[in-house]
Every structure is written in C-alpha cells, then in structure tokens.
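Below: the structure, in structure tokens.
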Amino acid sequence: MKFVYAAMLVIGVLFATIGLALSSLGLTAGWVALQQQEGSYLSTATEQYASDGHAITSENFRIFVDGSVDNAVLPAGVLGFALQGTAGSESEVFLGIGPADEVADYLEGVEHTVVRSVGTTFQPRYREILGTGTPAPPGEQEFWTESVEGVGFQELEWELASGDWAIVVMNADASAPVDVGLRAGVRSSVIGPAAVALLLVGLPLLVLGIPLIVLGASGLGGGTPVGAPHDDRRGVYPARLRGELDPQLSRWLWLVKWLLAIPHYLVLIVLWFAFLVTTIVAGFAILFTGRYPRGLFNFNVGVLRWSWRVGFYSYSALGTDRYPPFSLSSTEYPADFDVEYPEKLSNGLVLVKWWLLALPHLLILGALTGSAGQVWEWDDQTPGFEARGGISLIGILVLIAAVILLFTGRYRRGLFDFILGINRWVFRVIAYVALMRDEYPPFRLDQGPDELFEVVGLTAPDEPRSPIEPAAPPRPAAPPPRRPQQGSMPAD
C-alpha cells in the first residue's frame, strides 16, 4: 500500500509541477495580451541613444519565415514590431528598416555608430565606424521597407518578414550628431489564444495534482510515528533535533559525499514540492478547524527528518559516514528530528506566524546560513544594493571542520556542537514557519548532540531522589590532628 501512496505522490508532484508552470505561463501571456489591447505594444523603457556621426544602426539581423529568406511575410498580426523614437523639440527624426546590404551601401564611407547589444537592462553598447562622407537625406531613398520621419514622437511599425535587415536612426536631414530617445515594442495576435490554451491545460493538471499529493502524503504519513511527547522540563522546545557525532570519520569521504547524496537530493526535490503543497492545505485546515491533519503532519515531519539526515551526512554537518536511509520514519540513524503533534493550534496565528512573526528569526538565520551579501554601490549617480554570492557562516564552519578532519582525522567537538546548534535553530524555525507549532522558537544556540536536559543556566536539573530511600545525612568533618606538645613524645 505504501507503494501506491508513493506513486500517487510522485504523479501528483509531476502533474502539479507541469500544471503550475503552464498556468504561470498562461497568466503571464494573458497579462501581455491585456497590455496589447487597442493596438498597443509591449515596450521596453526609453533609453537615450547618441552618435557623433550621421546615423545609428543596428547589427544586421536575419529572420526566417517558413524556413525561407525570400521575403516571406508572417500572416498579419502574428508578430509585429515597433520602434518608437523622440528627438528634440526642433529636430526631425528618421526611423527606417531596410535590407542590410542596401543600408551598408547607403552608409559606405559615412561616420556612424552601430549598436552592438543592449543587454538585459537595455543599456546600449556601441561600435564606431569612421568615415568622411556625407549621406543624402534618408527620406529620399527608395530601398526602405518601412520608414517614418517628423518632429517629436515617431513610431515605426513593421510586420516581420524573412530576410537580412538593419534598423537605421538618423536626423531627417542626415546631419550629425544624432541624439534620440528610443524604445522597442512587440505585439502578437496569438498571445491571447495561447494564454487560454495554456490555462486550459495547466489548471486541470494543477487541480488534479494537488489532491493526489495530499492523498499520497496522508497515506505515507499515516504509518509514520507521531511526534514524541513533549519534555515538560523548562527550556526544551517541542521540535527536537538530534545528531550523534561518528567517532570514526573517514578523512576523505566528505570530498565525494555531494556525489553519493545525489539520489537523496532527487527524492527530496519531489518531497519538498509536496511539503509546500501539504503545508498550504494544512494552513487552510488550521484556519477553519484549529487542527493540523495528522497524516499531513506526520508526512511533513518525515520530510524534515529525511532532510536533516541527508544534511547531517553531507554538508550541513558532516557528522557521520553512515549512508542515510530512504525513509520518512524514525530509524536508528545517528541523526533524527521530531516534533510533538499539537492537539490544538491557533486559528488566527496561521495567518501571520509564517512570515510576520518569524521575520526576526529569518533575518538572523539569513546571516548565519545565507550565501549572498548586500553591497552598497553607486552606479550612474543612482545608489542601490547589489546582491553578491558567497559562502555562508555555517558553510565556512563545516569547511573548516572538513579540512581539520582531512589532516588530523578528528572532528573538533566544540566546532561540531556549534554547527549542531545552528542547525537546531534552523529546524525549529522551519517547524514554526511550517505551522507545526504555536510556541515561539527561542533565540538561542542549544549546542550539542541532543536536548536531553534543561538549558537554563547551561546545567542539567538535579536528579530526583528516591521517595523510599531518605537522603543520607552529611558526614561530619574529621577533627584536625593533635600536635604534640613541646618536650613530649608522640603517641604510638
């Protein structure tokens, strides 16, 4: 029966993933179609293009329609292109598209600028072409496929056709220099129907995939032991993470654990997608009933447990060389994670605890486990933050432990305890964000392999005395030895 539930989960994740992707594309295409109403174009931002020469041109570009370059034209409305330009108030601007070879002949020996690329930010990169000639006014040429000229804002519209083409921007009198604000736009009559088709396929797959995920997760979680009873002693959070350091770790195995763990990573991709879906479903259940569905709870705890075992084996701790089991349940593995099942949860907290209340923890954990830093930069007189990649603090600590292990064969206990404390904090917050508990996670690093005692004051509580055997009375101190008097003999 477990195989059936696992198959339902995998099929559900597959359907939901494809459905979500197609639905997202459909919604995006629908938004684009709305922007194209009444003949408008989906346009870039306006950027200023300038040249000291007589013209600004694009690199030559080739378009194929039906596999041909013989001026085949797309059906009307399938794909349209617009170039919009604005010159100074007293200047006439010329915009034209023509065959690349005709444009090259026209600008032969003329100083002009070629736009090599615009990049993702549409900032132009230029290539200067030197020359001494002066071209005739562009409007007098007859080779243009489409062209417009005039004062102020001008819009050139073109239905794409096969051929080798070049775009030209000039002053209408062919004078130099050229300084024009430009933006490009596209529109297509097929985007609207494509959006409808994507939604008609994607939404049913999504609607079918989510129940399959929920049923599969509930079935797999039904046999998973429920979270262990909560330790009533003060200071122990009801989400407990354990990790026992292997005393005989290989010096070099950590170098290839990324490869050995790939099968687990592939499974966890499926499980974490299901985890996201089941957490959303559980959130609605808590909102209306105040209860976390037990099967979904057990499944989600199992996903976190599986993730921690793989992390403990690999690069979250490198605490053992024993290969993790492919199981959601608790095992005899030296790493484990458990959460006490809540009989009742707050209906209202479910709306805010996963983002607003958890924000302080997320900021701290972002500093401990994040891999990107924010750098303040001043670019083109515009201040802003830029994210740059890097290694996280916990990644640095694990790397240090690995290098020490490589050369000494030992894993430093203090370093291991600190790494376990960071991981324990992370998993407590995940359990809270995943709506499993209402108790707010503590702001602390509980270091060590397990939370077996009260951490207040960093000491274990006193062991309880037996109610039958009374405590032994304190033994009186022995009297100090007598010093012999002067002139007397010591006693035998």
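Read-outs: derived from the displayed coordinates by stated rules, not from any lab. Values in this document were obtained by computation on a predicted structure and should not be read as measured data. Glycine gets a Cβ as well: all are built from the backbone with ideal geometry, and neighbour counts include every protein chain shown.
Magnitude of the charge dipole for segment 94-209, about its Cα centre and with charges confined to Cβ atoms of Lys, Arg (+1) and Asp, Glu (-1), is about 860 debye.
All other residues whose Cβ lies under 15 angstrom from that of L435 are scored, Lys and Arg at +1 and Asp and Glu at -1, for a net of +2. For segment 294-354, chymotrypsin sites (Phe, Trp or Tyr not before Pro) meeting the loop criterion (DSSP other than H, G, I, E, B) and having at most 12 other Cβ atoms within 10 Å: F326. Only the Cβ atoms of Lys and Arg (+1) and of Asp and Glu (-1) were treated as charged; on that basis the dipole of segment 137-271 about its Cα centre amounts to roughly 1740 debye. Straight-line cross-link partners of K344 among the lysines, defined as a Cα under 25 Å from its Cα and at least 8 positions apart when in the same chain: K353. By the equivalent-ellipsoid construction on the alpha carbon gyration tensor, segment 319-375 comes out with semi-axes of 29, 24, 8 Å, ordered largest to smallest. Once the Cα-Cα distance is subtracted from the 0.36 nm per residue extended length, the V207 to V267 segment shows a gain of 19.3 nm. Distance between the modelled labels on E142 and M1, one decimal in nanometres: 8.6 nm (7 Å Cα→Cβ projection). Evaluating 6.51 cos²θ - 1.76 cosθ + 1.60 at θ = phi - 60° for every residue in segment 312-329, the Karplus couplings come out as 5, 5, 9, 9, 8, 8, 6, x, 8, 9, 6, 5, x, x, 8, 8, 8, 8 Hz, glycine and proline recorded as x. Figure legend: label point modelled 7 angstrom from the Cα of F288 along Cα→Cβ; no residues of segment 314-348 have amide N under 11 Å from it.
Computed from phi, the 3J(HN,Hα) profile of segment 404-421 under the Karplus parametrisation 6.51, -1.76, 1.60 (θ = phi - 60°) reads 4, 4, 4, 9, 10, x, 10, 9, 4, 4, x, 5, 4, 4, 5, 4, 4, x Hz, with x in place of Gly and Pro. Between amide H atoms placed 1.01 Å from N, distances below 5 Å from Y440 occur with no residue 5 or more places distant or on a separate chain.
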